[in-house]
Each structure stands twice: as structure tokens, then as C-alpha cells.
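Novice: Structure below; questions to follow.
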Amino acid sequence: DARSAPMIISVMCGDTATRIGAAPGSGLYLMSLEQADWIAVAETLSNEEIHHLIRFFTVAEMALPGWDAGAKSPVIGLVKTLKKRGVAPSKEFVYWIKSHTNNRFLPHGPL
């Protein structure tokens with residue numbers, strides 16, 4: 001049954017595509033993963049791919065019904081991974097995130 005098959009989400013930015021697997025009901029599933037899960041996924045990605053995913057999830061949370069995640073947003077784990085790598089998001093990128101969301105926890109999580 002096609003509804004129960006895993007799907008791949010492709011996030012395009014310029015010539016780069018980042019693909020991640022998603023289970024059926026992807027919005028609720030993806031947005032409910034634990035931060036540790038997102039950090040584990042992010043460890044396999046380049047910094048550029050992580051930036052693409054941060055942009056995707058920031059916009060998706062605002063635009064797609066059922067994709068709101070609050071303090072469980074994937075953006076938080078993805079940003080933590082960049083910080084751990086010593087490439088914390090620039091002030092401009094943080095401003096972009098904040099200007100494209102109403103999630104008060106982005107990009108750094110609950111303080």
C-alpha cells in the first residue's frame with residue numbers, strides 16, 4: 001500500500017538536494033522525533049545540507065498544517081550540531097530563522 005511506504009523528502013537549494021527518509025504521516029512523525037535523533041542524522045550531513053534542512057523545517061513548520069513542533073523542532077537539534085562543529089549559525093542566519101517562524105524556541109531551543 002502506497003500510504004504505508006516510506007517516502008523521501010528532498011530539500012533543494014541551488015544545485016544541492018538533501019534527502020531524508022520519512023515514515024507515513026511524515027509531518028507529525030518528522031516533527032515529533034527527539035533532538036538526539038536529529039543530531040544523529042545531522043552528523044552524517046555536510047554543513048550546507050544542515051543549513052538546507054534548517055531552512056526547510058523553519059518554513060514547513062509555519063506553512064504546513066500539523067508540522068508545528070515547538071520545543072521539539074528539528075531546527076534546534078540541527079543548530080546544535082552546527083555549534084558542536086564550531087560553525088554556529090551567523091547572526092544573519094539566526095535573524096532569517098526568527099523572521100520566518102513564530103516558534104519562540106527557534107533556533108536555540110528552550111533556554
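The values are calculated or read from the model by the stated rules, or taken from the named source; none is laboratory data. It should be emphasised that the depicted structure is a prediction, and the values quoted were computed from it without experimental measurement. Neighbour counts are summed over all protein chains in view; Cβ atoms, including those assigned to glycine, are modelled from backbone coordinates with ideal geometry. Accessible surface areas use protein heavy atoms only, side chains included; no ligands, DNA or RNA. Shrake-Rupley method; radii C 1.70, N 1.55, O 1.52, S 1.80 Å.
Novice: Here is a check on your reading of the model: is G66 open to solvent by 40 Å² or more (accessible area, probe 1.4 Å) and either polar (S, T, N, Q) or on the phi > 0 side of the Ramachandran plot (or both)? First the steps, then the outcome.
Specialist: Numbers: open to solvent by 40 Å² or more (accessible area, probe 1.4 Å): no; either polar (S, T, N, Q) or on the phi > 0 side of the Ramachandran plot (or both): yes.
Judged against the criteria, G66 is not a match.
Novice: Considering only residues that are touching a Leu at 6+ places or on another chain (Cβ under 9 Å), in a helix (DSSP H, G or I) and more than 20 Å from A36 (Cβ to Cβ), which ones fall in the stretch 59-93?
Specialist: Scanning the stretch 59-93 gives a single hit, A60.
Novice: To continue, here is another question. Is there any pair with a first residue in the stretch 29-56 that is farther than 13 Å from K84 by Cα and a second that is in a loop (DSSP other than H, G, I, E, B) and of a type in the set (F, W, Y) whose Cβ atoms are under 8 Å apart and which are 6 or more apart or on different chains, and what are they?
Specialist: Partner pairs satisfying both residue conditions: L30/W67; M31/W67.
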